[in-house]
1. If you work out Cα Rg over 2.2 N^0.38 Å from the coordinates, which of (i) 1.37; (ii) 1.26; (iii) 1.51 do you get?
2. Cα axis of helix 55-65 to longest principal axis of the chain: angle in degrees, 0 to 90, nearest 10?
3. Once the Cβ-Cβ distance between Arg31 and Asn9 is put in as r, and R0 is 30 Å, what FRET efficiency do you end up with, to the nearest 0.05?
4. Can you give the helix-only mean residue ellipticity at 222 nm for the chain, where every DSSP H stretch with n ≥ 4 adds -39500 (n - 2.57) and the sum goes over all residues, rounded to the nearest 500 deg cm²/dmol?
5. Kindly work out what percent of the DSSP beta bridges joining two residues of the chain are antiparallel, to the nearest 5.
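The numbers here are math on the coordinates, done by the rules we state, and not lab data. Predicted model only: the values in this text are computed from it and were never measured. Don't worry about glycine lacking a Cβ; one is built from the backbone with ideal geometry, like all the others, and counts go over all protein chains shown.
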Amino acid sequence: ANMQSSHVNVGGETFSVLVSTWNMGNAKPPRDLTDWLGGGKDYDIVAIGAQEADWLLQKKEKDKSGG
C-alpha cells in the first residue's frame, strides 16, 4: 500500500486529505484497515484506489467449480 497525506487550501478553507493506493494481489483484505486509512487520524477527504481487488469473484468461481 502507498499512502500520502497533506493539507490543501480551497476557497480560503483548509482541508486535510489522505490519498492511498493498494495493489491487493487479489487477496482478501484484513478486517481492520485502520493502519491503511491513516491510523485513526481524522481527514476531511479520503481518496482510495485499489487494483487486483477481485478476490471475491475468484472465490465464487472456485466454489462453483468445486476447487
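1. (iii)
2. The angle comes out at about 10 degrees.
3. Values: r = 36 Å, r/R0 = 1.20.
With a Förster radius of 30 Å, E is 0.25.
4. Values: 1 runs with 11 residues, N = 67.
That comes out to -5000 deg cm²/dmol.
5. Numbers: 9 of 16 bridges.
Around 55 percent of the beta bridges assigned by DSSP in the chain are antiparallel ones.
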